[in-house]
Amino acid sequence: MRKIGILGGSFDPVHNGHIGLARDAKEQLGLDEVLMIPAKFQPFKLDRKMVSGQQRLEMIELAVADMPGITACDYELRQEEISYTYKTLKAITEMEGPETEVYFLTGTDSILQIHRWKNADELLHNYNFVVGSRPGYKDDELSECIERLKRDYNTNITKVDNHQLNISSTEIRERLESGQGLSGLVPEVVERYIIKHGLYK
């Protein structure tokens, strides 16, 4: 049975926290591949202007170029509709076929808000979840949430210790707007791409 992980999001821009979750989940769960899929229209961020989907995809491609088994995927960018996770997972599961097991990778804050997602029941009933956490960050709340989801939906949820850094794309954009550097926050190739194309000014 082939195992693939799906990591979605705005990736505006992709940062070391995203990369760390993809890499550590792949290693700890023995995933054959992790697809990093930038959203075309992120449901909770429809009111915010993002850099182009192509540029966000290119930044991911640069970030994972030397990481075998971690791949940038343009599936949602090729769709004309809002990027709902349940649609993406269903489509990829159908494309991959019955010999592939799909794992959805997400962070602590997202799993705590999963009830707000479109067709959350379908997601929780039908797919494996991998939650990135870091020691001490909402530990009790996360453990309680995972136990509740397992009990109510029989969801297979694995928590990985992914050494997640305290980084957000919002913080990165703010640093760029104020002329600060991004050392340790994004891969160097991503920082060079941002500077070359004058993004987030």
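Details
- Residue list for the range 161-176, restricted to those being out of contact with any helix residue (DSSP H, G or I) (no Cβ under 7 Å at 6 or more places or on another chain), farther than 17 Å from residue 55 by Cβ and not polar (S, T, N, Q): 161, 171, 174, 175
- Within the range 161-189, the set of residues being in contact (Cβ under 8 Å) with a residue 12 or more places away in the chain, surrounded by 11 or more Cβ atoms within 10 Å (Cβ to Cβ) and not in a loop (DSSP other than H, G, I, E, B) comprises 161, 169, 171, 172, 173, 176, 189.
- Test for residue 50: is it among the hydrophobic types (A, V, I, L, M, F, W, C), in contact with a helix residue (DSSP H, G or I) (Cβ under 9 Å, 6 or more places away or on another chain), buried (at least 20 other Cβ atoms within 10 Å of the Cβ) and over 22 Å from residue 128 (Cβ atoms): no
- Within the range 6-44, being crowded, with 19+ Cβ neighbours inside 10 Å and assigned to a strand (DSSP E or B) holds for 6, 7, 8, 9, 34, 35, 36, 37, 38.
- Residue in the range 62-75 that is at pLDDT 95 or above, in a helix (DSSP H, G or I) and either buried (at least 19 other Cβ atoms within 10 Å of the Cβ) or not small (Gly, Ala, Ser) (or both) present: yes
- In the range 165-196, residue nearest to the chain's Cα centre (by Cα) [restricted to those that are among the β-branched types (Val, Ile, Thr) and more than 18 Å from residue 137 (Cβ to Cβ)]: 186
- So residue 149, is it more than 18 Å from residue 7 (Cα to Cα), surrounded by 16 or more Cβ atoms within 10 Å (Cβ to Cβ) and of a type outside the set (Asp, Glu): yes
- Residue count for the range 91-118, restricted to those that are farther than 25 Å from residue 2 by Cβ and touching a strand residue (DSSP E or B) at 6+ places or on another chain (Cβ under 7 Å): 1
- Of all residues in the range 70-86, those satisfying the criterion of being within 11 Å of residue 36 (Cα to Cα) and in contact with a strand residue (DSSP E or B) (Cβ under 7 Å, 6 or more places away or on another chain) are 70, 71, 72, 73, 75, 76.
The values are calculated or read from the model by the stated rules, or taken from the named source; none is laboratory data. Values in this document were obtained by computation on a predicted structure and should not be read as measured data. Glycine also receives a Cβ, built like all others from the backbone with ideal geometry; neighbour counts cover every protein chain displayed.
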